[in-house]
Amino acid sequence: MSHAQRKLNLNAFLFGTGHHEASWRLPESEPNRNLDFQQVLKIAQTAERGLMDSVFLADGYSGRSNKLEPFTELAALAGRTKHIGLIATVGTTYNEPFHVARKFASLDHISKGRAGWNIVTGAGSAAHNFGRDEHPEHALRYEEADEFVEVAKQLWDSWEDGAVLNDKASGTRVAKDKVHTIDFKGKYYSVKGPLNIARPPQGYPVLVQAGSSESGKEFAAKTAEVIFTAHQSIESAQAFYRDVKSRLPKYGRTPEQLKILPGISPIIGDTSEQAYEIENELFEFVNKDSAVKRLSERLGIDLSNHPLDQPLSLEGVRETEDVNGNKSRHQLILDLARHEHLTLGQLINRLAGARGHFTFTGTALQLADIIESWFLNGAADGFNVMPQIYPSGLEQFVDKVIPELQNRGLFRTEYEGTTLRENLGLERPANVRYGQKAIF
């Protein structure tokens with residue numbers, strides 16, 4: 001496919017008052033509206049007005065995030081939007097395949113084919129909330145996830161397309177020979193099936209993955225159709241892009257079947273000076289003590305007495321291979337500190353913008369230049385847009401950046417289809433007969 005034919009794919013990552021950790025402290029911010037569905041709806045409708053492919057909700061099972069449960073929230077959004085895709089994080093480690101397959105099938109039916117599943121294994125432990133003694137080891141989590149997703153696919157396929165008849169004349173609601181058990185027996189899961197809801201409109205929800213460790217990249221090459229990833233430079237993004245795309249042939253896949261969307265976290269102003277004024281205001285609101293504590297815990301060294309204006313020494317730091325959480329993000333932070341020789345204060349400010357994703361401060365035209373460069377030079381198929389301030393940051397992106405991308409022929413001027421798969425340029429998976437027998 002030529003550059004002229006390719007079009008950017010853009011996702012909006014929903015995140016409270018914004019992806020900058022201090023966004024909630026801005027004078028105009030309303031952090032008490034974090035549970036306000038109308039505020040979330042406004043942001044989703046802004047993304048849809050900008051013809052973006054999807055909105056995305058991250059999720060976890062521990063901590064004090066104080067946010068709505070994603071299936072509930074996205075189902076509500078489905079009824080108030082028409083085109084925008086609806087992607088939710090659902091972890092495999094603390095769930096069962098049948099429950100997840102049923103919920104995503106339901107969301108896909110409710111939204112008429114706009115659901116997406118961000119598959120994670122769980123970077124942080126939630127064992128204490130699920131009667132477990134410990135968080136499974138990193139490689140084991142991916143092994144379990146691989147089997148988990150396979151079970152979910154088979155459950156979605158347990159109803160053939162056209163299984164639902166609702167034939168009043170004959171009195172037949174479901175074709176007897178088109179609903180099957182799956183009789184799955186694996187290392188981690190044993191599921192008879194079938195699912196208790198018809199095959200989703202998209203066949204499967206769009207399968208998304210967000211890990212960039214070695215296990216994560218291999219899992220993505222085998223399974224994912226979209227990857228959310230974090231890179232600090234075009235060179236890093238290009239290397240990742242080449243690496244993951246080169247793994248696809250062994251699974252019988254082509255480069256077009258996997259969309260790679262690096263995160264980009266912008267602060268946009270009418271002038272560069274205005275944008276940097278906003279950035280500096282955000283930096284002033286960063287809680288330095290809390291940031292140092294978090295970084296100390298991640299790196300495994302005590303930074304509490306390290307001067308903020310001095311280069312960061314990484315002597316004694318925990319190396320990535322010793323991490324049983326988000327390995328790729330840990331390595332990204334190490335690379336930032338080592339290669340850019342940042343002071344502790346500079347590293348804290350860099351991470352405050354979007355937790356290690358690429359941050360941008362400047363004008364809409366400057367941002368469009370960066371997006372175009374990454375897109376046309378083998379670094380991205382699109383971007384996971386992570387405004388540092390909500391809702392104004394997304395409004396600026398939709399009103400100023402997207403028109404410029406459209407003028408350059410890089411982004412759609414209308415939605416191509418009615419499902420998330422169609423708008424991403426992904427094929428609907430064929431129904432596969434896994435089952436041993438019909439259930440009737």
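Report yes if some residue within region 374-394 is at pLDDT 95 or above, closer than 30 Å to residue 163 by Cβ, of a type in the set (Phe, Trp, Tyr) and open to solvent by less than 50 Å² (accessible area, probe 1.4 Å); otherwise report no.
Taking every residue of region 374-394 in turn, none turns out to be at pLDDT 95 or above, closer than 30 Å to residue 163 by Cβ, of a type in the set (Phe, Trp, Tyr) and open to solvent by less than 50 Å² (accessible area, probe 1.4 Å).
Return yes when residue 54 is more than 17 Å from the chain's Cα centre (by Cα) and surrounded by 17 or more Cβ atoms within 10 Å (Cβ to Cβ) and no when it is not.
The answer is no for residue 54.
Modelled with pLDDT of 95 or more and out of contact with any helix residue (DSSP H, G or I) (no Cβ under 7 Å at 6 or more places or on another chain), is that true of residue 63?
It is false that residue 63 is modelled with pLDDT of 95 or more and out of contact with any helix residue (DSSP H, G or I) (no Cβ under 7 Å at 6 or more places or on another chain).
Which number in (1) closer than 17 Å to residue 388 by Cα; (2) surrounded by fewer than 17 Cβ atoms within 10 Å (Cβ to Cβ); (3) at pLDDT below 95 marks the one condition that residue 2 misses?
Answer for residue 2: the failing condition is (1).
For residue 11, all conditions in the list (1) in a helix (DSSP H, G or I); (2) surrounded by 17 or more Cβ atoms within 10 Å (Cβ to Cβ) hold save one; what is the number of the exception?
It is condition (1) that residue 11 fails.
Quick grid of which residues meet (1) surrounded by 24 or more Cβ atoms within 10 Å (Cβ to Cβ); (2) closer than 25 Å to residue 12 by Cα; (3) modelled with pLDDT under 95:
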position: 216; (1), (2), (3): yes, yes, yes
position: 221; (1), (2), (3): no, yes, no
position: 224; (1), (2), (3): yes, yes, no
position: 227; (1), (2), (3): yes, yes, no
position: 235; (1), (2), (3): no, yes, no
position: 250; (1), (2), (3): no, no, no
position: 255; (1), (2), (3): no, yes, no
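For residue 264, all conditions in the list (1) part of a helix (DSSP H, G or I); (2) touching a residue at least 60 places away in the same chain (Cβ under 8 Å); (3) within 23 Å of residue 424 (Cα to Cα); (4) of a type outside the set (S, T, N, Q) hold save one; what is the number of the exception?
(1)
Answer with yes or no whether residue 190 is touching a residue at least 12 places away in the same chain (Cβ under 8 Å) and surrounded by fewer than 21 Cβ atoms within 10 Å (Cβ to Cβ).
No.
Taking only region 106-128 into account, find how many residues are of a type in the set (A, V, I, L, M, F, W, C), part of a loop (DSSP other than H, G, I, E, B) and either modelled with pLDDT of 95 or more or open to solvent by 10 Å² or more (accessible area, probe 1.4 Å) (or both).
Number of matching residues: 1.
Filter region 19-33 for residues that are open to solvent by 20 Å² or more (accessible area, probe 1.4 Å), in contact (Cβ under 8 Å) with a residue 12 or more places away in the chain and within 18 Å of residue 290 (Cβ to Cβ) and give the result.
Correct list: 21, 25, 29, 31.
Which of the residues spanning region 268-288 are surrounded by 19 or more Cβ atoms within 10 Å (Cβ to Cβ) and either closer than 30 Å to residue 217 by Cβ or in contact with a Lys or Arg (Cβ under 8 Å, 6 or more places away or on another chain) (or both)?
The one that is surrounded by 19 or more Cβ atoms within 10 Å (Cβ to Cβ) and either closer than 30 Å to residue 217 by Cβ or in contact with a Lys or Arg (Cβ under 8 Å, 6 or more places away or on another chain) (or both): 268.
Take region 158-183 and flag every residue that is open to solvent by less than 30 Å² (accessible area, probe 1.4 Å) and touching a Ser or Thr at 6+ places or on another chain (Cβ under 9 Å).
Hits for region 158-183 are 158, 179, 180, 181, 182.
Give me the residue from region 164-184 that is in a strand (DSSP E or B) and among the hydrophobic types (A, V, I, L, M, F, W, C) and, out of that set, nearest to residue 154 (Cα to Cα).
184
Spot the failing condition for residue 85; the list is (1) touching a residue at least 12 places away in the same chain (Cβ under 8 Å); (2) more than 27 Å from residue 427 (Cβ to Cβ), and only one is missed.
Failed condition: (2).
Would you check if there is a residue in region 228-243 being within 18 Å of the chain's Cα centre (by Cα), in a helix (DSSP H, G or I) and not small (Gly, Ala, Ser)?
yes
For the condition under 25 Å from residue 154 (Cβ atoms), open to solvent by 50 Å² or more (accessible area, probe 1.4 Å) and modelled with pLDDT of 95 or more, what is the one hit in 103, 82?
103
Quick one: how many residues across region 59-75 are hydrophobic (A, V, I, L, M, F, W, C) and surrounded by fewer than 16 Cβ atoms within 10 Å (Cβ to Cβ)?
Total satisfying the criteria: 0.
So how many residues does region 376-389 have that are in contact with a helix residue (DSSP H, G or I) (Cβ under 9 Å, 6 or more places away or on another chain) and not in a strand (DSSP E or B)?
9
The values are calculated or read from the model by the stated rules, or taken from the named source; none is laboratory data. Note that the structure is a prediction, hence the values are computed from the model and not measured. Note: ideal-geometry Cβ built from the backbone for every residue, glycine included; neighbour counts use all protein chains shown. Keep in mind that these areas ignore ligands, DNA and RNA; they rest on the heavy atoms of the full protein, side chains included. Shrake-Rupley method; radii C 1.70, N 1.55, O 1.52, S 1.80 Å.
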